[in-house]
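For reference, the structure discussed in these notes is given below.
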Amino acid sequence: LFDRMRRLVATTKITKRRALTHHSLVRSFIYLQLLLPVCTVAARSFTMQNSWRSEGKSNEDLINQLTGYGIIKSSSVEKAMRAVDRGEFSRDPELAYNDHPHAIGWNATISAPHMHAMCLELLKDHLKPESRVLDVGSGSGYLVACLSEMVGEKGKVYGIDYIEPLVEWSLENLNKSFSGHIKNGRIKVVLGDGWKGVPDAAPFDCIHVGAAAATVPKALTDQLKPGGRLVIPVGTHDQCLMQIDKDENGNLTEKNLMGVRYVPLVNKSDQK
């Protein structure tokens, strides 16, 4: 009888220990699930912060660093950004290969390379051969060149800006290495109001906007092809990068991706 009681007590202790162990595992799993989003955001923030430390001596050096930090993820984006020398689209050679925005004149800026890379990654699945693309607020013309590289010889990329000298300067930049793209119609940069898009060239497989709109311009979503994607910074004081997808029935799905800081998307009528 004594032996039976001892075995019962031992079995009870083991069962209790197993129950406690199971409880601890469940609790740890819950903690991990709660911490995972925080860790993911922290890792992304760390990556972004470190990308800003990129100070390349050449375009190749800059792209190597952005690839190393995980900002450039796909081979198609890497290939395009290697093919377009950022130095040809900057007014300051000392700043051209650093990962931050800088002024290019006329109260305009060229965006940080990591933002260009991120937007290209967001659009890459819509940048196919023969795709038709619009870059609103095309500025220096840098992203127009990258987009053209990604859509290939049969694709068409339209850039639009409301400042005439800036449009002229961007064409000068593009003619340094991409004159053939302009001559054969692969690239076209026009003077106009970015809020209104380029209706004569629509619909577009994808649209990129390089300045922050107070609200999403309806003209741009109207000019987006079913199945297409729009990437645009939206807001005034508080801005966020938005991804807007149009399904085959014309329905729009909006997704806020991250907080950003861009110069405002100006109406041509507001130019002073």
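Here the contact order of the range 218-272, divided by its residue count and restricted to Cα pairs under 8 Å and six or more residues apart, works out to 28 percent. Sparsely packed loop sites in the range 56-108 (the trypsin sites (Lys or Arg not before Pro) outside DSSP H, G, I, E and B with at most 10 other Cβ atoms within 10 Å) comprise K57. Just in the range 106-159: which trypsin sites (Lys or Arg not before Pro) are loop by DSSP and have at most 12 other Cβ atoms within 10 Å? Those that pass, being in a loop and sparsely packed, are K154.
For the cross-link pairs K176/K246; K57/K124; K176/K255; K183/K225; K57/K196; K57/K246, which exceed 32 Å when the distance is taken from alpha carbon to alpha carbon? From K176/K246; K57/K124; K176/K255; K183/K225; K57/K196; K57/K246, over 32 Å: K176/K246; K176/K255; K57/K196; K57/K246. For W106, the accessible area of its heavy atoms, probed at 1.4 Å with every protein chain present, is near 100 square angstrom. Equivalent ellipsoid of the range 127-254: semi-axes from √(5λ) of the C-alpha gyration tensor, largest first, are 23, 18, 11 Å. Extension gain, E168 to E254: 0.36 nm times the residue separation minus the Cα-Cα distance gives 27.6 nm. For the range 58-144, GluC sites (Glu not before Pro) are listed when DSSP marks them as loop and at most 10 other Cβ atoms sit within 10 Å of their Cβ; the list is E94. Remark: spin-label model distance K188-E121 equals 3.3 nm, labels positioned 7 Å along the Cα→Cβ axis. The aspartates and glutamates within cross-link reach of K188, meaning a Cα-to-Cα straight distance under 17 Å and a gap of 8 or more places when in the same chain, are E130, D135, E149, E153, D161, E164, E168, E172, D200, D205.
The values are calculated or read from the model by the stated rules, or taken from the named source; none is laboratory data. Please read these numbers as outputs of a predicted model, since none were measured by experiment. Positions of Cβ are backbone-derived with ideal geometry, glycine not excepted, and every protein chain shown enters the neighbour counts. Accessible surface is based on the protein model in full, side chains and every heavy atom, while ligands, DNA and RNA are left aside. Shrake-Rupley method; radii C 1.70, N 1.55, O 1.52, S 1.80 Å.
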